[in-house]
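Here the structure is laid out as structure tokens; the discussion comes afterwards.
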Amino acid sequence: MTDIFALEDIHVAYGKVEAVRGVSLSMQAGTITSVIGPNGAGKTTLLAAAIGLLPSTGAVRFKGEDIAHLGVEDRVELGLCLVPETRELFGEMSVVDNLMLGAYARRSARRRMPGLLDDVYDRFPRLAERRDQQADTLSGGERQMLAVGRALMSEPQLLMLDEPSLGLAPLIVIEILDIVKSLRHEGVSVLLVEQNALAALDCSDHGYVLESGELSFSGASAALKADQRIFETYLGGL
Ligand code: ATP
């Protein structure tokens with residue numbers, strides 16, 4: 001089976017500092033892949049390179065084709081989407097307006113706007129209840145739902161999530177990650193970057209561990225969770 005997405009020998013530098021050094025990973029369609037690792041390991045940098053926000057060397061393959069030469073807009077048009085750690089909502093705009101902006105990112109989605117909005121409201125009833133509310137007035141969990149909902153409005157085939165659990169209460173993290181898990185049944189593949197290693201491994205099929213810009217471990221998420229070294233380093237070693 002062709003991988004839906006693969007990174008091959010990716011390097012990203014900030015000036016002379018190489019933040020990502022030779023990272024290669026691959027993921028099959030309809031799966032959730034997590035990248036875990038400590039603060040400053042290069043996780044955000046890796047996603048920024050994958051979506052084309054930062055220049056990198058190496059190949060970025062989507063359905064087998066190297067798209068590394070494409071800019072962000074063209075990658076989004078192909079079906080990639082990134083929900084950044086900062087969520088980047090328009091706080092003074094309503095929930096529905098934020099959602100509609102998501103569909104404007106992609107031509108095919110723009111045409112299917114009303115149906116896509118209904119789908120997002122079905123998935124996130126709380127967004128439907130608050131559709132006319134200003135995004136600023138939402139709780140942290142609702143803002144994260146809005147960020148994911150807005151991404152889904154572009155009908156992505158590959159959804160990249162940067163630290164969706166950041167700043168959220170444990171029960172809300174479970175709620176958000178349950179929604180992420182449900183996406184795989186609808187043909188959305190997810191690349192999930194998390195410092196919350198346990199939550200990420202619980203939610204994903206396959207995991208990679210990034211340390212100081214390099215991958216140190218990879219494998220089935222269940223196997224990573226059971227690995228003593230990973231358990232001690234990233235899962236609290238309890
Ligand atoms: P976090 O979980 O804190 O976001 P991370 O694993 O996502 O961490 P990155 O944010 O990708 O890590 O950072 C990787 C390295 O690159 C760090 O050493 C960081 O200090 C450095 N870095 C990140 N952004 C910049 C920047 N704009 N300019 C210079 N160095 C940067």
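What to note about this one:
- Scanning the range 12-31 for residues that are touching a strand residue (DSSP E or B) at 6+ places or on another chain (Cβ under 7 Å) and more than 10 Å from the ligand (Cβ to nearest atom) turns up Arg21, Gly22, Val23, Ser24, Leu25, Ser26, Met27, Ala29, Gly30, Thr31.
- Gly64 meets each of the listed conditions (1) modelled with pLDDT of 95 or more; (2) in the same structural domain as Gly42 (by the TED database) apart from (1).
- Here Arg107 fulfils each of the conditions (1) over 17 Å from the mean Cα position of the chain (by Cα); (2) at positive phi apart from (2).
- Residue among Pro55, Pro114 that alone is surrounded by fewer than 17 Cβ atoms within 10 Å (Cβ to Cβ) and closer than 24 Å to Ile10 by Cβ: Pro55
- Selected residue (criterion: nearest to the ligand (Cβ to nearest atom)) from residues of the range 185-222 that are part of a helix (DSSP H, G or I) and open to solvent by 60 Å² or more (accessible area, probe 1.4 Å): Leu198
- Members of the range 147-176 found to be of a type in the set (A, V, I, L, M, F, W, C) and open to solvent by 10 Å² or more (accessible area, probe 1.4 Å), listed by number: Leu152, Leu166, Leu168, Ala169, Leu171, Ile172, Val173, Ile174
- Residue in the range 1-11 that is modelled with pLDDT of 95 or more and within 9 Å of the ligand (Cβ to nearest atom) present: no
- Close pairs from the range 214-235: first basic (Lys, Arg), partner outside any strand (DSSP E or B), Cβ under 8 Å, at least 6 apart: Lys225/Leu198; Lys225/Leu201; Lys225/Asp202; Lys225/Phe231; Lys225/Leu235
- Unmet requirement for Glu232, which otherwise passes all of (1) open to solvent by less than 10 Å² (accessible area, probe 1.4 Å); (2) in a helix (DSSP H, G or I): (1)
- All positions within the range 25-75 that are of a type in the set (Gly, Ala, Ser), more than 26 Å from Ala223 (Cβ to Cβ) and part of a loop (DSSP other than H, G, I, E, B): Gly52, Ser56, Gly64, Ala68, Gly71
- Just one of the numbered conditions (1) open to solvent by 40 Å² or more (accessible area, probe 1.4 Å); (2) more than 16 Å from the ligand (Cβ to nearest atom); (3) within 27 Å of Ala13 (Cα to Cα); (4) of a type outside the set (Phe, Trp, Tyr) is not true of Asn39: (2).
- Listed conditions (1) crowded, with 18+ Cβ neighbours inside 10 Å; (2) over 18 Å from Leu191 (Cβ atoms); (3) in contact with an Asp or Glu (Cβ under 6 Å, 6 or more places away or on another chain) are all met by Leu47, apart from (2).
The values are calculated or read from the model by the stated rules, or taken from the named source; none is laboratory data. If you're wondering where the values come from, they're calculated on a predicted model, not measured in any experiment. Note: ideal-geometry Cβ built from the backbone for every residue, glycine included; neighbour counts use all protein chains shown. Ligands, DNA and RNA are excluded from the accessible area calculation, which covers all protein heavy atoms including side chains. Shrake-Rupley method; radii C 1.70, N 1.55, O 1.52, S 1.80 Å.
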